[in-house]
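The values are calculated or read from the model by the stated rules, or taken from the named source; none is laboratory data. All of these numbers come straight from a predicted model, not from anything done at the bench. Cβ placement follows ideal geometry from the backbone for every residue including glycine, while neighbour counts extend to all protein chains displayed.
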């Protein structure tokens, strides 16, 4: 097996695992179902992953890294920091809505501590993106001076709360536009002169 073929096979397996875990849940999914969906033998599947947990953790890491790269790339060249915050929030909330089945499976069957170290790294990367946007906004005079790290924690905690709501209280989901508007403009009226 050449390297390119191995990479393509692994991607096919991860895509199949996403479908199977989303449809059946982690507990009901098994390696045989995933292998069949990926179009490979069960033995072939075990060449790449030692067990279902290893496959699930690899899938989570792959999706998190891919999403972190996409968000960083999407906001990197945007000169308006308010627009960058808006895009960051919209991407995160829409991604969570699109992949809510996997979030539901993971939240209900594993609890949110499954893959905790991996999640901490992902959260740190995402907060770093927000910190960079806020810092650029302060330097440009678009944003008032704030504690950048604390502001990034607040914004990212709002996003994480949205994701938790998918599992716990789906009817409390909010729109990305309203979230951005509230974060960027706040609740207080400004004196207009």
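At a glance:
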| item | result |
| --- | --- |
| Residues of the stretch 94-147 classified as in a loop (DSSP other than H, G, I, E, B) and at pLDDT below 90, total | 6 |
| Output for the stretch 176-187, where each listed residue is surrounded by fewer than 16 Cβ atoms within 10 Å (Cβ to Cβ) and touching a residue at least 24 places away in the same chain (Cβ under 8 Å) | 177 |
| Contacts under 7 angstrom Cβ, first residue in the stretch 86-114 being not assigned by TED's automatic domain parsing to the domain that holds residue 27, partner in a loop (DSSP other than H, G, I, E, B) and at pLDDT 75 or above, 6 or more apart | 87/78; 106/114 |
| Qualifying positions in the stretch 4-17 - within 24 Å of residue 103 (Cβ to Cβ) and either surrounded by fewer than 13 Cβ atoms within 10 Å (Cβ to Cβ) or assigned by TED's automatic domain parsing to the domain that holds residue 96 (or both) | 11 |
| Flag for residue 27 being outside the structural domain of residue 141 (by TED's automatic domain parsing), touching a helix residue (DSSP H, G or I) at 6+ places or on another chain (Cβ under 9 Å), touching a residue at least 24 places away in the same chain (Cβ under 8 Å) and exposed (fewer than 13 other Cβ atoms within 10 Å of the Cβ) | yes |
| Single condition residue 72 does not satisfy, out of (1) surrounded by 14 or more Cβ atoms within 10 Å (Cβ to Cβ); (2) without any contact (Cβ under 8 Å) to a residue 60 or more places away in the chain; (3) not assigned by TED's automatic domain parsing to the domain that holds residue 124 | (3) |
| Matching entry among 22, 37 (being modelled with pLDDT of 90 or more and out of contact with any strand residue (DSSP E or B) (no Cβ under 8 Å at 6 or more places or on another chain)) | 37 |
| Filter result for residue 20 (surrounded by 14 or more Cβ atoms within 10 Å (Cβ to Cβ) and either assigned by TED's automatic domain parsing to the domain that holds residue 120 or within 24 Å of residue 116 (Cβ to Cβ) (or both)) | yes |
| Close pairs from the stretch 148-175: first closer than 19 Å to residue 87 by Cα, partner assigned to a helix (DSSP H, G or I) and modelled with pLDDT under 80, Cβ under 8 Å, at least 6 apart | 163/103; 173/166 |
